[in-house]
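Here's the structure, in structure tokens; my notes come after.
The values are calculated or read from the model by the stated rules, or taken from the named source; none is laboratory data. Quantities reported herein were computed from a predicted structural model and do not represent experimental measurements. Here Cβ is always computed from backbone atoms with ideal geometry, including for glycine, and neighbour counts include all displayed protein chains.
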Amino acid sequence: MNKKVSIIGIGMNGKKSLTAQALEAINSADALIGAKRMTDPFSGMDKPALISYDPAETAEFIKRNTYEKYAVLMSGDCGFFSGTEKLLPYLADFRTEVICGISSPVYFSSKIRIPWYDWRFISLHGTDANIVRNICAHEKTFFLLGGKVTPSEICRQLCEYGLCETEIYIGENLSYDNEKITSGCANELCDIQTANLSVLLAVNKKYEKLKRTGIPDCEFIRSKVPMTKSEVRSVCISKLEIANDSICWDIGSGSGSVSVEMAVQCTNGKVYSVDRSEDAISLVRQNLRRFGCDNIIPVHGCAENIVHELPAPDCVFIGGSGGHLSEIVENVYEKNPYAVIVITAVSLETLNSTAAVFENIGISAEITQISVTRTKKVGTHTMLAAENPIFIIKGGVK
């Protein structure tokens, strides 16, 4: 318990951006711990060092040695996609302090002179994310790179989804002697070669200022493939209670209109859009690009066979089951007993069979019927044009 561990954010390179408090803690430490890039700037101090970023190995090193003070060196700031969060539980037996540093977005912001308080922050360092959907949903999106995704790959994806004019700022080797800042539109930087140690800010002036529901039917690319109408779609989306990181299924996706609305709601989630028709899947692919939804995954095949392979869903919309509704619903609840299921029906027979499926597996069903009437001009008169009534069935918790 007498051992003290200082977890220190050393900024960009451990010298130019090191705070006075951090330097004092490093100077007073008996031993240093960190990845090689973190410890190299302090090798001249001739302190014993463990070259590691593994939390368990770090804790074991501290336990078995007799030094009183340890400095664990973290890149940037300890609160920004740092290993500090995973390390702290391993150090419960020691006195610890966390010393903040200068993070890459703060430093980069000062270089490009764009305030960082309203940025959306995403790490692609060894992970993946919904790049295009996040850029569509936010004016300024910052990416911490260093994994497989490069700045040129991000720019190519943006152009593929029609966001060629997005402003891009790239920072390489920040605070080092070979630091480089590049800016331009996405379509100008698709082939740029950059260092692995990079960050990127995307500025989308035409970002979505709200999460739309009931998107007008005319905005979707359509064919003879069936499509859930705007008003019905809006009610279904509200009943699905989609969270920002939800995993969603759209079974019998048709043109993909419900998939798109799901995807808009779950910016950090995924939507699996399933249909047995190749024409439908083709439309889904076109519409996901039209609306910047790279979090939609089109799945071609029969739902009763496909659903066994999909990840557990939080929300499921079933617009068509091909006669396998019972099997699909049972599979949903096997994967997640708390999933929300919403099903639409246009006939009394479908309504009755759907209610029976829920009853047979012990699920309470909330049934809503909505009728939509639109106006249309006939000569000098405004006439009413009624759509077919729709039943919306929502399944509760198993």
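Brief remarks follow.
- Scanning region 345-359 for residues being closer than 21 Å to PRO226 by Cα, surrounded by 10 or more Cβ atoms within 10 Å (Cβ to Cβ) and not polar (S, T, N, Q) gives a total of 3.
- Each residue in region 358-398 was checked for being farther than 22 Å from VAL232 by Cα and part of a helix (DSSP H, G or I), and 2 pass.
- For region 149-196, taking the residues that are of a type in the set (Phe, Trp, Tyr) and surrounded by 15 or more Cβ atoms within 10 Å (Cβ to Cβ), the one that is farthest from the chain's Cα centre (by Cα) is identified as TYR169.
- Qualifying residue in region 231-250 (condition: touching a helix residue (DSSP H, G or I) at 6+ places or on another chain (Cβ under 7 Å), outside any helix (DSSP H, G or I), aliphatic (A, V, I, L, M) and at pLDDT below 95): no
- Unique residue being touching a strand residue (DSSP E or B) at 6+ places or on another chain (Cβ under 6 Å) and within 26 Å of ILE170 (Cα to Cα) when the list is ILE99, ILE26, ILE10, ILE62: ILE10
- Some residue of region 103-114 being part of a loop (DSSP other than H, G, I, E, B), modelled with pLDDT of 95 or more and at positive phi: yes
- Of the residues making up region 311-344, just one is surrounded by fewer than 20 Cβ atoms within 10 Å (Cβ to Cβ) and aliphatic (A, V, I, L, M), namely ALA312.
- Matching option when the condition is part of a helix (DSSP H, G or I), free of Cβ contacts under 8 Å to residues at least 12 places away in the same chain, more than 18 Å from ALA22 (Cβ to Cβ) and out of contact with any Cys (no Cβ under 9 Å at 6 or more places or on another chain), among GLU85, GLU57: GLU57
- Residues that are assigned by TED's automatic domain parsing to the domain that holds ARG276 and buried (at least 20 other Cβ atoms within 10 Å of the Cβ) are absent from region 360-383 altogether.
- Between SER109, SER17, SER52, the distinction of being in the same structural domain as SER198 (by TED's automatic domain parsing) and either surrounded by 14 or more Cβ atoms within 10 Å (Cβ to Cβ) or touching a Leu at 6+ places or on another chain (Cβ under 7 Å) (or both) belongs to SER109 only.
- Residue in region 212-268 that is farthest from ALA312 (Cα to Cα), counting only those that are hydroxyl-bearing (Ser, Thr, Tyr) and touching a Gly at 6+ places or on another chain (Cβ under 8 Å): SER230
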